[in-house]
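Below is one structure, written out as structure tokens, with a few remarks after it.
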Amino acid sequence: MSINMVQEYQLNDREKELLTVLGKNPEMSLKGLSDHTQYRRESSIVRKIKQFREQDFLRGPVYFVDYGKLCKNALHRLFCIVELKESPETVIEYLKLIESLQWVYPVLSSRKELLCAAFLSSND
């Protein structure tokens with residue numbers, strides 16, 4: 001009988017900072033990442049990103065952070081379709097006040113003004 005043990009990985013402050021910057025700006029260049037993090041050498045950032053991919057913290061051609069590996073609580077993605085009565089700019093500014101907001105995009109509709117928003121939640 002084999003028991004699969006999941007090894008928890010403790011991130012240091014520099015790694016957390018790098019993941020945060022990648023999560024908010026996945027298109028940022030290596031130079032930009034070195035300017036916005038405590039990592040000064042681009043080779044260190046490349047090595048760290050490779051390590052994150054090997055540990056399944058990051059996936060795909062775009063950086064998709066697996067937040068479930070970063071905390072003990074189960075995390076869920078919530079997708080919301082918001083029907084607008086105010087301007088999209090106003091609603092987006094209010095949505096940005098919610099810390100768990102991941103992204104927000106307009107929904108193409110000929111009948112209503114809609115936004116699609118994604119949130120993370122650890123509350124079932």
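The values are calculated or read from the model by the stated rules, or taken from the named source; none is laboratory data. Being a predicted model, the structure only gives us computed values, none of them experimental. Neighbour counts run over all protein chains shown; Cβ positions are idealised from the backbone, glycine included.
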In region 24-42, which residue that is out of contact with any helix residue (DSSP H, G or I) (no Cβ under 9 Å at 6 or more places or on another chain) and either modelled with pLDDT of 90 or more or part of a helix (DSSP H, G or I) (or both) is farthest from Lys69 (Cα to Cα)? Asp35
Just one of Lys85, Lys48, Lys112 is touching an Asp or Glu at 6+ places or on another chain (Cβ under 9 Å), basic (Lys, Arg), touching a residue at least 24 places away in the same chain (Cβ under 8 Å) and not assigned by TED's automatic domain parsing to the domain that holds Met28; which is it? Lys112
